[in-house]
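The values are calculated or read from the model by the stated rules, or taken from the named source; none is laboratory data. None of the values given here were measured: they were computed from a predicted structure. Because the Cβ atoms are built from the backbone with ideal geometry, glycine has one as well, and the counts that use them run over all protein chains shown. Side chains are part of the model used for accessible areas, which takes the heavy atoms of the whole protein and leaves out ligands, DNA and RNA. Shrake-Rupley method; radii C 1.70, N 1.55, O 1.52, S 1.80 Å.
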Protein chains: 4
Amino acid sequence: MALKIEGVWPPIVTPFRPDQELDLEALKANLARWNTTGLAGYLATGSNGEAVFLSPKEREAVLATVVEHAAPDKLVMAGTGQESTRATIAATRRAAELGAHCALVVTPCYFKSQMTPTRLEAHFQAVADASPIPVLVYNFPQATGVNLGPESVARLSEHPNIAGIKDSSGNIAQLSEIVHLAREDFAVMVGNAEVFHPALACGARGAILAVSNVIPERCVELIQAFAAGEMERARRLQWAIARLAAMVTRIHGVGGLKAAMSLVGYQPGVVRPPLTIPGPEVVQELAAELTALGYQVSR
Amino acid sequence: MALKIEGVWPPIVTPFRPDQELDLEALKANLARWNTTGLAGYLATGSNGEAVFLSPKEREAVLATVVEHAAPDKLVMAGTGQESTRATIAATRRAAELGAHCALVVTPCYFKSQMTPTRLEAHFQAVADASPIPVLVYNFPQATGVNLGPESVARLSEHPNIAGIKDSSGNIAQLSEIVHLAREDFAVMVGNAEVFHPALACGARGAILAVSNVIPERCVELIQAFAAGEMERARRLQWAIARLAAMVTRIHGVGGLKAAMSLVGYQPGVVRPPLTIPGPEVVQELAAELTALGYQVSR
Amino acid sequence: MALKIEGVWPPIVTPFRPDQELDLEALKANLARWNTTGLAGYLATGSNGEAVFLSPKEREAVLATVVEHAAPDKLVMAGTGQESTRATIAATRRAAELGAHCALVVTPCYFKSQMTPTRLEAHFQAVADASPIPVLVYNFPQATGVNLGPESVARLSEHPNIAGIKDSSGNIAQLSEIVHLAREDFAVMVGNAEVFHPALACGARGAILAVSNVIPERCVELIQAFAAGEMERARRLQWAIARLAAMVTRIHGVGGLKAAMSLVGYQPGVVRPPLTIPGPEVVQELAAELTALGYQVSR
Amino acid sequence: MALKIEGVWPPIVTPFRPDQELDLEALKANLARWNTTGLAGYLATGSNGEAVFLSPKEREAVLATVVEHAAPDKLVMAGTGQESTRATIAATRRAAELGAHCALVVTPCYFKSQMTPTRLEAHFQAVADASPIPVLVYNFPQATGVNLGPESVARLSEHPNIAGIKDSSGNIAQLSEIVHLAREDFAVMVGNAEVFHPALACGARGAILAVSNVIPERCVELIQAFAAGEMERARRLQWAIARLAAMVTRIHGVGGLKAAMSLVGYQPGVVRPPLTIPGPEVVQELAAELTALGYQVSR
């Protein structure tokens, strides 16, 4: 597998117009700006892309736009996980046709009590077997109620078409164990910015972080500080971004993320209900965090 | 609202052929048999109908078949909940066109940390406003990680187009509070057979129970015993069905349910992966429970 | 075992003076008033008796006082559970010497991950073997993080010196299963007033309820209504007490319970820190609930 | 505060003879051996010391023995947390009289729903006010069901007599936040060996680790590798100890810890029931881990 999955990737938001329709022009504008940064790639149609709110056609339109407008040095990953194995395979194949370099497949979770290690592994093996492009597994127990254990991940890492994992659990003991048990070149990507720096210390290769939609520069800075062995600087950057990261994920979700993006000049548009954009108090808090991080804020 | 929602309803399984394709003939056969029982109605495309594994077209085909083949004395409810408000409205309108008498809308849950009471209530209000048919809210915290509290349910019960709730939480204190706080004619339907009898004791009007796919007669018997004031008999029936109910829901899921249905002559077909049908040991346990309940078992 | 464990029992609060010292005179005054009610017995040194805050000497003084001042028609149960088996045995023997009729032993829980069914059962068997008085097991997962399953309870019910269980889980499916599986004369006592009526419907023999410290009359009324087959009245009483019950247990704890007792003329005294008595707003809410329940409130 | 709390400390086990009585001679033998290692201090009467199984007299005997037999270069910390504030103060004062250098106070937890930040902070403030020796707060949500948040810890760190925290949560985002928010010289000690290395990377000063009862040398080696900037070696040591650490804590508890200690020649004795020493299969697994870590194992 030649694909080099590392560095910082935003799980890019999907802009909607005030009438809730897809806004591909806004998406292009965001990509144009991200293209100028040190981001390594883009995750399209992930959780933060409100993929669960998109029709299959909308998902394809978003992915096609990202593939077309990503700078040549950026890779494109497509979120393609569905509840059934067959639907996941279909979505992954379609993403490959549309030009995605790799696919991110979340653990199925609606029938949580039935999602045993055996069934989850069989699911990922079947998807990887059928996929024309490398697959990454996505573990996000806080959202799914399902956890894929390190032993399962290690077994999956032996599959030639399973390239890595996005681990958003925030469970650093588990991430460390995954780095230890998985095959040498398996790409462990941390998906939780509140443990970005400790994850790197444990051997993560890179990060897929909601907050990098809005402050890609700081996220890239942190990973570069770490690579340069500047531990104290990496630690300080971690503290600097942790609070904003929490606000645009577990505290205020995609609504908070889009509000923060608007503050620094991106074009995220609205969210689809039942989500909402937070009110002025939260926006003020976000603005304060962004200012502290060195960003110019406009409202 | 003239619709009388009470009695026992199975959330009917969706039969698949060995190649995983929809098997509408098997569905008709099952309906023909259920039509001869005391079941009050059918829930199509619910959790146990593997709705999350069905394409929009497949969901429509299943619903249309149920509407056409249900006996005239049976009502039809359609599971129409989606993650976004707009997709839920679209699915509910389509269900009405296809002839469903009412719709069951599960709490959105992918973005669990954002599913505040305010947002959930706004979602249900918007769906009820737009729906041509009465809507029931569906609360199933074990699957969704989201709980809709009694105060929210009470407020929603004031909406003229919100007819009731399916509560699968198993939390009897909460169900009792809902019966107490909701408007007089609000249909509280218990969705967890392990608390079927206590829920009736607390004022539930009826039940939507996975296990009634396979032993509708016993479930109807229990509700009749309760209505007749035969408390001891109701209690004994509860004990008799509790273990099987657990096995075809939280223990072995839809796979267990379909295995049990096969044992008594229904035609449930296979499940779609990542779900699987349990192995021979579990099937033997299921057979023992069914025999104890007075059913003839064939393998 | 001749001991008849049924009816309503308060887990009596331990009064403290403003300087946090034990106030046995206040305890006697409370007992004198409870003696005039239909309560069946008293649980001394339980959770609501702040037993974890009492020294061994204080626990003995409380128990001796309750034994001496209980009316002849009231039984006395002593909370004697400790973390180690040997300390539990010692405390249980001491309680027997002091005149308790039976002992309530909570599941050990500090080492929760180690509290397997096997270890818990061995613990209760050893205590029951060594105890001169009948033992009841106490299951309270919300406080202990440990759940004793129905199969374990059923096995323990076979021990001639294990007389019953106090189940505070609020899990009615589990309580129903326990009634079903345990030996015929096993005393299942519900310990959670929010499911008092449904627990009776499932076959519970009686109740040990914090709220019966303050409104013993209503609790006794509910159990009598149920015994008389007046289902609708039992259900209405359940709704009437549920909110107060929640306020003096999971919402405001022992502090809330003592505040409510003061409002209707009992002498509960203060709580020991880190607990506190709730402020005026909560007291006002408690007063409103008590008034609605027909009690005269004085402040 | 002159006390330097850093380095590796074992929460030392309390040896019991086969008849469950305290074995102070075995304790002395263990201390003699630990005194020859690079351990920085000893925690007596902590969770792993089975403090909840010890009488007040036994706790005093253990502490006095540790104080007397610790090498002059080792500090002594005493676990003194009780459920009530007044009992905790009394235990802490007694520990000071017996010669402990500092005290570790766990969050009270029996009344978990009442353990608000305000009440917990008031508890620690009161204990620190009354204590003659510096106090460390102990946060262990997995055992207590209570979490003390970073903001609370930051406020407590301003108290001149609160010297640090033992954080066993394994939650690295939270530990990082604590290091960031607490006052400069606040001693953040990680209490969970599965995140030992990442905790150091986040700024923890040292560690209080059950597993350092049995492999103190490896734990000290890891902290030295980290201090020397040998990141890769620190990471490899982390992987090497993680599995054993899990086995002697969350998987097999104190029983597993004592079994492991016996294998390498310490004298831990038995555990008190309801705990038990694991059987031969687990012992074999422990032996394999110890051998892999370079220890000579004898059975």
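Quick notes on this structure:
- Distance between modelled label sites at B:Glu21 and A:Leu3, nm, 7 Å Cα→Cβ extension: 3.2 nm
- Within the stretch A:257-299, backbone nitrogen closer than 15 Å to the virtual label 7 Å beyond the Cα of B:Ala90 toward Cβ: A:272-274
- Per residue of peptide B:172-183, the mean number of Cβ atoms on other chains within 10 Å of the residue Cβ is 5.
- Identity and axial distance of the chain D residue whose Cβ lies nearest the axis relating D to C, Å: D:Gly145, 3
- The heavy atoms of D:Tyr295 present about 30 square angstrom of accessible area, all protein chains included, probe 1.4 Å.
- What separates the A:Lys4 label point from its copies, with the point 7 Å along Cα to Cβ, is 4.5, 7.3, 8.5 nm, written shortest first.
- A:Tyr266, B:Tyr110, reordered so the largest accessible area comes first (probe 1.4 Å): B:Tyr110, A:Tyr266
- Bins of 5 Å, starting at 0 and running to the largest distance - Cα pair percent for the stretch D:68-204: 2, 11, 21, 23, 21, 14, 7, 1, 0
- Considering only A:Glu68, A:Glu281, A:Glu60, the Gaussian network model of chain A with Cα springs below 10 Å gives its largest mean-square fluctuation to A:Glu281.
- Whole-angstrom gap from the stretch C:256-273 to the stretch D:222-263, using each part's C-alpha centre: 49 Å
- Cα pair distances exceeding 51 angstrom across the protein assembly as shown, given as percent: 29 percent
- Label distances, nm, C:Arg33 versus same residue in remaining copies, Cβ-directed 7 Å point: 6.1, 6.3, 6.6
- Working from label points 7 Å from Cα in the Cα-to-Cβ sense, the C:Ser113 to B:Asp129 distance is 5.0 nm.
- Sequence of D:Phe16, C:Phe111 when ordered by accessible area, the most exposed leading, probe 1.4 angstrom: C:Phe111, D:Phe16
- Beta-bridge orientation, the protein assembly as shown: approximately 5 percent antiparallel, per DSSP, counting only bridges with both partners inside.
- Inter-chain neighbour count for D:76-87: the average number of beta-carbon atoms from partner chains within 10 Å of each residue's beta-carbon is 3.
- Between the stretch B:59-89 and the stretch D:124-193, the alpha-carbon center distance in angstrom: 54 Å
- Averaged over A:237-244, number of beta-carbon atoms from partner chains that fall within 10 Å: 3
- Based on every Cα atom in chain D, Rg and the maximum pairwise Cα distance Dmax equal 17.9, 51 Å.
- FRET efficiency, 1/(1 + (r/R0)^6) with R0 51 Å, evaluated for D:Ala29 and C:Ala29 via beta carbons: 0.35
- The sum of -39500 (n - 2.57) across all DSSP H runs of n ≥ 4, divided by the residue count of the protein assembly as shown, sets its helix-only mean residue ellipticity at 222 nm to -13500 deg cm²/dmol.
- Averaging 1/r across all pairs of distinct Cα atoms in the stretch B:1-57 and inverting the result yields a Kirkwood radius of 12.6 Å.
- Rounded to 5, percent antiparallel among DSSP beta bridges of the stretch D:7-229: 5 percent
- In the assembly of identical copies, A:Arg236 has its label point, taken 7 Å from Cα in the direction of the beta carbon, separated from the corresponding points by 3.2, 7.1, 7.8 nm (ascending, one decimal).
- A simple spin-label model places the labels of A:Arg183 and A:Arg236 4.2 nm from each other, with each point 7 Å out along Cα-to-Cβ.
- Candidate aspartates and glutamates - alpha carbon under 16 Å from B:Lys112, same-chain residues fewer than 8 apart omitted: A:Glu50, B:Glu83, B:Glu121
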